[in-house]
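Worksheet: the structure to be examined is printed underneath.
The values are calculated or read from the model by the stated rules, or taken from the named source; none is laboratory data. Please read these numbers as outputs of a predicted model, since none were measured by experiment. Neighbour counts run over all protein chains shown; Cβ positions are idealised from the backbone, glycine included. Accessible surface is based on the protein model in full, side chains and every heavy atom, while ligands, DNA and RNA are left aside. Shrake-Rupley method; radii C 1.70, N 1.55, O 1.52, S 1.80 Å.
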Number of protein chains: 2
Amino acid sequence: MPNTTDRAQLPTSHIPLPTWATGLCLVAALLLTAAPAASAQSLADTYRPAAQRIIQRAQADSSAWNTLAELTDRFGHRLSGSESLENAIDWILAEMKKDGFDAVRGEPVMVPHWVRGNESLELIAPRPARLPMLGLGMSVGTPPEGITADVIVVSSFEELEARSSELAGKIVLYDAPFNGYGQTVAYRTQGASRAARHGAVAALVRSIASESMASPHTGTMTYDSTIARIPTAAITVEDAMMLHRMQERGSPIRVTLKMEATTLPDARSRNVVAEIRGTERPDEVVVLGGHIDSWDVGQGAMDDGGGCVAAWEALRLIRELGLKPRRTIRVVFWTNEENGTRGGTGYLDAHRDRVDQHILALESDNGAFRPRGFGFTGSDKALAIIAEIGSLLEPIGADSVSRGGGGADIGPLMEQGVPGMSPRVDGERYFWYHHSHADTMDKLDPAHMQQLAAAMAVMVYAVADMPQPLPR
Amino acid sequence: MPNTTDRAQLPTSHIPLPTWATGLCLVAALLLTAAPAASAQSLADTYRPAAQRIIQRAQADSSAWNTLAELTDRFGHRLSGSESLENAIDWILAEMKKDGFDAVRGEPVMVPHWVRGNESLELIAPRPARLPMLGLGMSVGTPPEGITADVIVVSSFEELEARSSELAGKIVLYDAPFNGYGQTVAYRTQGASRAARHGAVAALVRSIASESMASPHTGTMTYDSTIARIPTAAITVEDAMMLHRMQERGSPIRVTLKMEATTLPDARSRNVVAEIRGTERPDEVVVLGGHIDSWDVGQGAMDDGGGCVAAWEALRLIRELGLKPRRTIRVVFWTNEENGTRGGTGYLDAHRDRVDQHILALESDNGAFRPRGFGFTGSDKALAIIAEIGSLLEPIGADSVSRGGGGADIGPLMEQGVPGMSPRVDGERYFWYHHSHADTMDKLDPAHMQQLAAAMAVMVYAVADMPQPLPR
């Protein structure tokens, strides 16, 4: 398949041609006139006017922020299985219909239904204190009277193994300093089973956060099916460090952990879908979106209401500017990213027979912060095209395109060979707020959300409209 | 009284003198040899060796941070009237005796005894949610069933007055953006009575904080004695902004506020005092310290355990180096700064007959962060001396001395004419943590605490030792 460079070098009509060929050229020329991309222009030149219009219109208001504020203020956080998630989805579908998009619908998905219930952590020794905590998603609960036990603090799995003989009947606290999410999150996801293997009765984890103001950060965890399931919760960075200091001073540490957490039967949810139907190749689809579920804390504004609404705003911008792409642009708000990824797998299941017609999948789940460009996962030829389109975002400083991009919800599509990508944003504060009570509207900037929407709109419009599909 | 410049210009013995005068000079010369400051050297030159030794020794370990961690981890926060405050004071007195200071003692002070009790704020409409809150110090409580009422959000006292006819039976929320502590704190201190004047039944205030991660910030408030006392509490910055947005969208807002807060009879507390007794003028005193009480949240590490322990460390440094000042250096940890300032007034009451012998009062209550210098309140001549001594702190970047300094606890002394001063520190994050659960040990840096201790030690040692008292 030709890439943009090939197309830029298509022969023009300076060479003498036979009459039938001239006629063909005439037809072709007419087609070329009607189709903005199909000239001798580079892809960037072709889509520059549309990109400029998108950027200009995006920057003229704050509708993405306002929409997200209304959504998150009205419905709050949106954990899978909760009424607030389904109410939020109903509202979004109604608003999207008002926006005049095509094929607005909720595609059914069954999701895990974990419920936190009441929970508490009391420090008994060396001194009484109530420690703020958040049970980890999918954790089992404690007996109603709680679990009271001594605490052993470790800094790492290595230290856990070194002290394995001491852990029976104890509560393990992992006090691992934040060392990047990918590194540190293992204590949250695997800590319970790793401790239970040695007889621990519960596991606590220092919140996975790059800055803390006494707020615990939840997140999902998984049990090793061969090991007893023990309750597990996050405490604040501050308290983890304090308990560690107490241990270093030789103070015995004792706590009571109470958690009502339980997992109910799977619940009905939906992936939210809305489209601008393609004019020429409607069955070929460019997908963009985020996940509409959140943890049951804060407002789920940054993670990932903002990603959803930026995609929604991108679709609005394209529609309101009267841009009519050759292919279909489909916004999807996946459900259940946080504790199951059933939205992502459900989407693939529902569209499996058309996965080859998925040209590109773009997911925004790094926070709706100021965009700097995109990460892309696909072929070199496709990367060159994406980079060329990305160059159109230079006016808003979002033109940096590099390898590496994707998202949990588009992962199943990408495994089937669909090129995947995600915005790169100014994410310095992402792990300040992530999965905590502080993931709220005020952390997002209206202008940055509009820039993110513009960046996504330019990218998906050009990919959906260019004459040749993005090569795999 | 001569200032340092005068002393540097004292006549030396080049001028012929009568025999009696020569004898006098000889006696004076002998005295001068024994007294480090009394040469023709500048004050800075005189005290440079001691300053260098103090700075060097301070930077050799982390004992201030370690002491503060032990104090705050063992006893937690320390509200006036609480057992933890008095237990902390007992421990400090015992440790100070071990340190070998002179005249270690607790000077009795009766303090207000406000108790928070259980408290909660439930959002009822437009949607149910539990809002994190902290009752304001000295607030009255609610009836046991709480106060349920509609909320009116205002941005300022001006807006309050403009809407005064709507406030009867309502709960007022002040959503005033942080505009410097001095400006914004009026909503916390005066908000209840200002709202009650127009019939409001409770007052909520956006936390006085320059950055928020969903943590409420408490602090003291006062009632106008002519107006009905209504309960008042702080909510998070995030929630204040959210409720304001809800009001702007026309959503009726309704909450239930429950507070058990009550004020018990005054309780016994103590100002902590320890000294290095002066060798020549022991009745002349240089005072330094901080306040040992805190709000009943976090650890009271920054506010103001750190100020206390930095002063304590300063005294340790002077003692351990064998420096023996002419005047007495007295560390005071005032009690009850937060909700009564009874420690500061009690100190003056106890020492009123010796207030003229208080040469200088230095209070560290701006957070034990990296020191940059001092603010000073006193005469021009005294300021020049303080600035010259301050220049000795150039090696640790703490040599900036300027007008304006003091503290709540030394305020009563300063009103009696005692020169007052306070460290200037890197306080950018002070109002991130102030009066919140996030005022914990991890926010302080061991090296910066040692620098602060060194800066205070150099300043008080030189002022206590110089031949002439600091002029008023």
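Determine which member of the set B:Asp266, B:Asp296 is within 14 Å of chain A (Cβ to nearest Cβ), open to solvent by 10 Å² or more (accessible area, probe 1.4 Å) and either not in a helix (DSSP H, G or I) or not hydroxyl-bearing (Ser, Thr, Tyr) (or both).
Numbers: B:Asp266 fails: within 14 Å of chain A (Cβ to nearest Cβ).
Selected residue: B:Asp296, the only one of B:Asp266, B:Asp296 that is within 14 Å of chain A (Cβ to nearest Cβ), open to solvent by 10 Å² or more (accessible area, probe 1.4 Å) and either not in a helix (DSSP H, G or I) or not hydroxyl-bearing (Ser, Thr, Tyr) (or both).
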When every residue in the stretch B:221-253 that is charged (D, E, K, R) and crowded, with 16+ Cβ neighbours inside 10 Å is compared, the one farthest from the other protein chains (Cβ to nearest Cβ) is B:Asp239
Among residues of the stretch B:411-446 being within 30 Å of A:Glu238 (Cβ to Cβ) and of a type in the set (Val, Ile, Thr), the residue most open to solvent (accessible area, probe 1.4 Å) is B:Val425
Residues being within 14 Å of chain B (Cβ to nearest Cβ) and small (Gly, Ala, Ser) - total across the stretch A:103-130: 4
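Just checking, how many residues over the stretch B:113-142 are among the hydrophobic types (A, V, I, L, M, F, W, C) and free of Cβ contacts under 8 Å to residues at least 24 places away in the same chain?
Of all residues in the stretch B:113-142, those among the hydrophobic types (A, V, I, L, M, F, W, C) come to B:114-115, B:121, B:123-125, B:129, B:131, B:133-134, B:136, B:138, B:140.
With free of Cβ contacts under 8 Å to residues at least 24 places away in the same chain added as a condition, the list becomes B:129.
The number of residues fulfilling the criteria is 1.
Right, A:Gly305: within 14 Å of another protein chain (Cβ to nearest Cβ), closer than 21 Å to A:Lys98 by Cβ and open to solvent by less than 10 Å² (accessible area, probe 1.4 Å) or not? Reasoning before the result, please.
Details: within 14 Å of another protein chain (Cβ to nearest Cβ): yes; closer than 21 Å to A:Lys98 by Cβ: yes; open to solvent by less than 10 Å² (accessible area, probe 1.4 Å): yes.
Judged against the criteria, A:Gly305 is a match.
Please tell me if A:Arg206 is touching a residue at least 12 places away in the same chain (Cβ under 8 Å), under 30 Å from the mean Cα position of the chain (by Cα), at negative phi and open to solvent by 60 Å² or more (accessible area, probe 1.4 Å).
In short, no.
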Considering only helices (runs of 4 or more DSSP H) wholly within the stretch B:396-472, the ones with at least 1 residues that are within 14 Å of another protein chain (Cβ to nearest Cβ) are B:430-433, B:446-465
Tell me, which strands (runs of 3 or more DSSP E) wholly within the stretch B:80-178 include 1 or more residues that are of a type in the set (Phe, Trp, Tyr) and within 27 Å of B:Gly300 (Cα to Cα)? B:102-115, B:171-174
Could you count how many residues in the stretch B:194-217 are closer than 20 Å to B:Thr440 by Cα and either within 13 Å of chain A (Cβ to nearest Cβ) or assigned to a strand (DSSP E or B) (or both)? 10
Subset of the stretch B:66-94 (residues that are open to solvent by less than 40 Å² (accessible area, probe 1.4 Å) and under 21 Å from B:Glu275 (Cα atoms)): B:Thr67, B:Leu68, B:Leu71, B:Glu86, B:Ala88, B:Ile89, B:Trp91, B:Ile92, B:Leu93
Please tell me if A:Gly289 is touching a strand residue (DSSP E or B) at 6+ places or on another chain (Cβ under 7 Å), within 25 Å of A:Phe369 (Cβ to Cβ) and either assigned to a strand (DSSP E or B) or within 14 Å of chain B (Cβ to nearest Cβ) (or both). yes
